[in-house]
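*Asks:* Before I ask anything, let me first share the structure, which is written out below as structure tokens.
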Amino acid sequence: MSVVTVQLGQCGNQVGQELFDVICSDARDVHRKTYSTVSCERFFRETTQGDLEARAVLIDMEPKVINHSMSKAAKSGRWRYGETSHFSQKQGSGNNWANGYCVHGPRHRDAVEELMRREVEHCDMLAGFIPIMSVAGGTGSGVGTFVTQCLRDIYPSSFVLNHLTWPYGTGEVIVQNYNSVLTLAHLYQLSDAILVHENDIVHKICSQLLKIKQISFSDINRVIAHQLGGVLQPTLTPASCGAYSRHPVGELMSALACHPEYKLLSVCTIPQMASSSIPFSTFSWPALLKHLRQMLISNSKMEGGIDWQVCPPPASAGRSRSLSAGSFNTSLANLLILRGKDVYSAETGGFEDSAIYTSWLPPDEALSLWKSPVPFNKYEKSATLVSNSQALLRPLDDMVRKAWNMFASRAYIHQYVKFGISEEDFLDSFTSLEQVISSYSELQ
Amino acid sequence: MTQSVVVQVGQCGNQVGCRFWDLALREHAHVNKRGLYDEALSSFFRNVDPRKSGGGACYVGGRIQHLKARAVLIDMEEGVVHGILQGPLREVFDSAQLLTDVSGSGNNWAVGNLTYGSAYRDSIVNKLRKAAEHCDCLQCFFLIHSMGGGTGSGLGTRVLSLLEEEFPDVCRIVTAMYPSAEDDVITSPYNSVLAMRELTEHADCVLPVENQSLVDIVNKISLMSHNAKPGCVLKKESTVTSGQGGVSPTERPFDAMNNIVANLLLNITSSSRFEGSLNMDLNEIAMNLVPFPRLHYLVPSLTPLYTLADVNIPTRRLDQMFSDAFSKEHQLIRADPKHSLYLACALMVRGNVQVSDLRRNIERLRPSLPFVSWNQEGWKTGLCSVPPVGHTHSLLALANNTCVKPTFMELRERFTKLYKKKAHLHHYLHIDGMEQSAFSESLSSLSALIEEYHHLDATKARLIPDAPRLSIAR
């Protein structure tokens, strides 16, 4: 079962290239033949000469990044992108969502759809689409939203899991909050689930856990790729009956996307450390899982500065949630993925505690557990938690607040109106996201 | 990859433009070791093989034959342009790209804008169109001219409105040289204010540069080179300090000042030409830095202006570069952005600088910089991996800041001083097409602009609460 990745814009193309790199090394270096085969089949196709070509479509409105990613892949010698799997233009979208969505998207619709069609035809069975993009710029966000819409139109019964990178809170692009609001509001209607990485968090992982001194975007992208790889590589699921699951995207959806108003997924991985430290560390499942559980409920997405004081409120207390009160993170559903030695003996009871979930689903349905005996990316034991919880509530609220403040003074609006987005469209997007914020705030 | 066309008008415009082409050639020669006509070169140059038929245009990827600048040179006097054509840059320009006349504009905006503007309208449009046709994907027009004279200011702004008419979708970035108070052209306030109105209405972005600031900076550099600590050697090949190593062998007065402006243009376009981990295209500059259509005056500052021979630059030096970008000595107009209100700020970094350095410095400097309430984190950042010649890294900051208000107010004062007495007015009014209303309208346009900045300034001291959010019925 194959996954088609769509890399959109500079961020999408850079992250995508690192992702395929991680997956390829993982698949190739491991000495488990079935795992390798499933992984390669899922993400690559084999050419007649035996080379691996990524099942990816690369889209950008200017050529530099795609060229760079393609040559970087080819230089690795282990895999590459298809020669004709990319589409680029000469001039970018100028950080303008409206330019991406209203102008570039429709203008190049046919060419892009053709590329998708060709890639899908190479798949024996399509597991789903994973568009990878950022929300701050113009192409990833605007063209990415448009392309997601096209995928929905042409392949209505396929799964679409959007991976989004949220920018630094202190700004990479001034209109990033507008672009983010417009993207999220639209994707909420189109996507099956939205998996989010925040640059701020990943940056902290790089500095505090991986101890990197001068952090570059490659470092950031590699961490994102590692975490994504931990989610997407083959596993044995309850439904797959003793073999590696053939429906990774579908099963992720049924595990986590249980309600149309709750689609935001966060990821955290444990352990994360400098690769030079790994040989000197020992890992035990009880310790890893205990830390991971506390990371989940105290909403710290990394294994440093975890607040051990946070604990689930007693079942008897009325749980009225407001954004400011309480730092306890309520989950709707969790997907726990364990990889490596002794997975079968790992004790995951801590995640089945009804206190950490809302009351709608019984904890044994709210928690899904996937396992793989194969160690992932040099870690003897590792756990990845994909969570549909309030973890993204605060960053989302901040984003909407800043965008709304800017909208109140109508700053930059003329730039969007120029390309076809009206103030009405902005208001609609704000309304949708306030709805999402409200829904997540009231989880109890 | 996109192309840009440079339109240089008037004496000042052409002299700055000339230095720009010199430095651009040098920058590309430094990077492009194999003599191939690559995408980066094609953004500013065409490759022409005179042996080929049909104009001889060559495509990207082949060897360099003859590079022709994507430029249009306009002057109503022959001296400067002819000087260029006799100098070492003569090969870079085609006679078809030039437009000259003999008698000059007599420091009279009306002569430049109306008399020559009408007489040469078709010719100008043709030359612009030709330059545009040579481009695969034209992204931006760079217009360079001074504000105080007659040709640059008058004909330059006419060209600006022609650009808007003929090429509405192409970005127009104007580098405008503002006269200092001690300017020797008496009518420069008239010319500047008349031109300002055109800039406010027809330009996408304006990069104002003041002669006095350039003089101060140049003096500072020569002071540095004389007081340099023992063991430190001022790098001679730096493109900022001198044109040495460029095509022209001798330095003329104003060259050092013009170099600074030329560097500004090089740095602004670096991310569109070279690759980096966070690209910043020209259309992104207008998008991010212009929150309201008329407030498009962006104060530039360039650092470092000099580099000493230390090769291994420790992080502290890097941080110093960021701090300097916000100090009033490095701004290209006489203004102090730190004490005014920032509407938006762009940082374009070149060289071996990573995102963590950028983030660290933004966090460090952020508390001391007042930003408008609705744009508290209003930073646009770009990282380009290719540094300028002679430096390991450099920083260009573009600030949309209310510190331009004093500059404009001073200009308005100088204008009013003359206008009250109707001094020299008759020189303008007897030009065909020039009415007195042009003066009063330009004055009100400038006043309205100052008012807009003033309103924003007033919000600086006040604590603005968050706008009340939409409430959702549950």
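*Asks:* For region B:84-113, which residues satisfy the criterion of being open to solvent by 40 Å² or more (accessible area, probe 1.4 Å), outside any loop (DSSP other than H, G, I, E, B) and more than 15 Å from B:V9 (Cα to Cα)?
*Replies:* If the condition is that a residue be open to solvent by 40 Å² or more (accessible area, probe 1.4 Å), outside any loop (DSSP other than H, G, I, E, B) and more than 15 Å from B:V9 (Cα to Cα), then B:L85, B:Q86, B:P88, B:R90, B:E91, B:S95, B:A96 are the ones that fit.
*Asks:* Hey, another quick one. Restricting to region A:166-188, count the residues that are over 14 Å from A:C11 (Cβ atoms) and either within 11 Å of chain B (Cβ to nearest Cβ) or touching a Ser or Thr at 6+ places or on another chain (Cβ under 7 Å) (or both).
*Replies:* Residues meeting the conditions: 13.
Residue-wise test of (1) within 30 Å of A:G137 (Cα to Cα); (2) crowded, with 23+ Cβ neighbours inside 10 Å.
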residue: A:I337; (1), (2): no, yes
residue: A:E352; (1), (2): no, no
residue: A:L367; (1), (2): no, no
residue: A:L393; (1), (2): yes, no
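*Asks:* What's the total number of residues in region B:454-470 that are part of a loop (DSSP other than H, G, I, E, B) and within 11 Å of chain A (Cβ to nearest Cβ)?
*Replies:* Final tally of qualifying residues: 8.
*Asks:* Kindly provide the set of residues from region B:277-301 that are free of Cβ contacts under 8 Å to residues at least 40 places away in the same chain and either buried (at least 23 other Cβ atoms within 10 Å of the Cβ) or not in a loop (DSSP other than H, G, I, E, B) (or both), ordered by number. I'd like the intermediate steps shown before the answer.
*Replies:* Within region B:277-301, the subset free of Cβ contacts under 8 Å to residues at least 40 places away in the same chain is B:287, B:293.
Of everything in region B:277-301, just one residue is free of Cβ contacts under 8 Å to residues at least 40 places away in the same chain and either buried (at least 23 other Cβ atoms within 10 Å of the Cβ) or not in a loop (DSSP other than H, G, I, E, B) (or both), namely B:M287.
*Asks:* Residues in region B:373-382: is at least one more than 9 Å from every other protein chain (Cβ to nearest Cβ) and more than 19 Å from the chain's Cα centre (by Cα)?
*Replies:* No, every residue in region B:373-382 fails to be more than 9 Å from every other protein chain (Cβ to nearest Cβ) and more than 19 Å from the chain's Cα centre (by Cα).
*Asks:* Further question on the same structure: Let me confirm something: among B:I144, B:I124, B:I173, which residue is in a helix (DSSP H, G or I) and open to solvent by less than 10 Å² (accessible area, probe 1.4 Å)?
*Replies:* One residue alone meets the criteria, B:I124.
*Asks:* In addition: Could you list, in sequence order, the residues of region A:237-265 that are closer than 30 Å to A:S180 by Cα and touching a helix residue (DSSP H, G or I) at 6+ places or on another chain (Cβ under 7 Å)?
*Replies:* A:P248, A:E251, A:E261, A:Y262, A:K263, A:L264, A:L265
*Asks:* Name the single residue, out of those in region A:400-422 being under 24 Å from B:C171 (Cα atoms), more than 9 Å from every other protein chain (Cβ to nearest Cβ) and not β-branched (V, I, T), that is most open to solvent (accessible area, probe 1.4 Å).
*Replies:* For region A:400-422, the residue satisfying everything is A:K418.
*Asks:* With the requirement that a residue be within 14 Å of chain B (Cβ to nearest Cβ) and not acidic (D, E), what does region A:189-212 give you?
*Replies:* A:N199, A:I201, A:V202, A:H203, A:K204, A:I205, A:C206, A:S207, A:Q208, A:L210, A:K211, A:I212
*Asks:* If you go through region B:65-81 one residue at a time, do you hit one that is loosely packed, with under 13 Cβ neighbours inside 10 Å, modelled with pLDDT of 85 or more and within 30 Å of B:Q436 (Cα to Cα)?
*Replies:* The answer is no, given that none of the residues of region B:65-81 is loosely packed, with under 13 Cβ neighbours inside 10 Å, modelled with pLDDT of 85 or more and within 30 Å of B:Q436 (Cα to Cα).
*Asks:* Would you pick out the residues in region A:126-145 that are assigned to a helix (DSSP H, G or I) and either open to solvent by 10 Å² or more (accessible area, probe 1.4 Å) or of a type outside the set (S, T, Y) (or both)?
*Replies:* Result: A:T139, A:G140, A:G142, A:V143, A:G144.
*Asks:* What pairs come up if the first residue lies in region B:119-139 and is within 14 Å of another protein chain (Cβ to nearest Cβ), the second is open to solvent by 80 Å² or more (accessible area, probe 1.4 Å), and their beta carbons are under 8 Å apart, counting only those six or more places apart or on different chains?
*Replies:* Note: pairs meeting the criteria are B:D136/A:K90; B:C137/A:K90.
*Asks:* Something else: Yes or no: A:L433 of a type outside the set (V, I, T), at pLDDT 95 or above and buried (at least 18 other Cβ atoms within 10 Å of the Cβ)?
*Replies:* Here the answer is yes, as A:L433 does meet what is asked.
*Asks:* Out of all the residues in region A:285-304, which are out of contact with any Phe, Trp or Tyr (no Cβ under 9 Å at 6 or more places or on another chain), within 24 Å of A:A355 (Cβ to Cβ), touching a residue at least 24 places away in the same chain (Cβ under 8 Å) and assigned to a loop (DSSP other than H, G, I, E, B)?
*Replies:* A:K301, A:M302, A:E303
*Asks:* Report the residue count in region B:11-60 for those that are in contact with a Phe, Trp or Tyr (Cβ under 7 Å, 6 or more places away or on another chain) and open to solvent by 40 Å² or more (accessible area, probe 1.4 Å). Explain how you work it out, then say what you get.
*Replies:* Taking region B:11-60 first, the residues in contact with a Phe, Trp or Tyr (Cβ under 7 Å, 6 or more places away or on another chain) are B:15, B:24, B:40, B:47, B:58, B:60.
Next, from what is left, pick out any that are open to solvent by 40 Å² or more (accessible area, probe 1.4 Å): B:15, B:60.
Number of matching residues: 2.
*Asks:* Could you check, for region A:223-246, whether at least one of its residues is within 14 Å of chain B (Cβ to nearest Cβ), open to solvent by less than 20 Å² (accessible area, probe 1.4 Å) and among the aliphatic types (A, V, I, L, M)?
*Replies:* Looking through region A:223-246, at least one residue is within 14 Å of chain B (Cβ to nearest Cβ), open to solvent by less than 20 Å² (accessible area, probe 1.4 Å) and among the aliphatic types (A, V, I, L, M).
*Asks:* A further question on this structure: Where in region A:1-104 are the helices (runs of 4 or more DSSP H), entirely inside, with at least 1 residues that are within 14 Å of another protein chain (Cβ to nearest Cβ)?
*Replies:* Working: elements: A:9-29, A:33-43, A:64-76.
Here the list reads A:9-29, A:64-76.
*Asks:* Please go through (1) in contact with a His (Cβ under 9 Å, 6 or more places away or on another chain); (2) surrounded by 18 or more Cβ atoms within 10 Å (Cβ to Cβ) for A:W360 and return the number of the only condition it doesn't satisfy.
*Replies:* (2)
*Asks:* Here is a further query. Since A:L161 meets every condition but one in (1) away from chain B (no Cβ under 12 Å); (2) surrounded by fewer than 20 Cβ atoms within 10 Å (Cβ to Cβ), which condition does it not meet?
*Replies:* All conditions pass for A:L161, except number (2).
Residues checked against (1) at pLDDT 95 or above; (2) more than 26 Å from A:N405 (Cβ to Cβ); (3) assigned by the TED database to the domain that holds A:M302:
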position	(1), (2), (3)
A:G138	no, no, no
A:V143	yes, yes, no
A:V160	yes, yes, no
A:T165	yes, no, no
A:G169	no, no, no
A:L182	yes, no, no
A:A185	yes, no, no
A:Q208	no, yes, no
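*Asks:* Which one of these is open to solvent by 60 Å² or more (accessible area, probe 1.4 Å) and charged (D, E, K, R): B:R366, B:R412?
*Replies:* When all the criteria are applied, what remains is B:R412.
The values are calculated or read from the model by the stated rules, or taken from the named source; none is laboratory data. Predicted, not measured: the structure shown is a model, and the values here were computed from it. Note that we place each Cβ from the backbone using ideal geometry, even for glycine, and neighbour counts take in every protein chain shown. The protein model used for the area step is the full one, side chains on, heavy atoms only, and it has no ligands, DNA or RNA in it. Shrake-Rupley method; radii C 1.70, N 1.55, O 1.52, S 1.80 Å.
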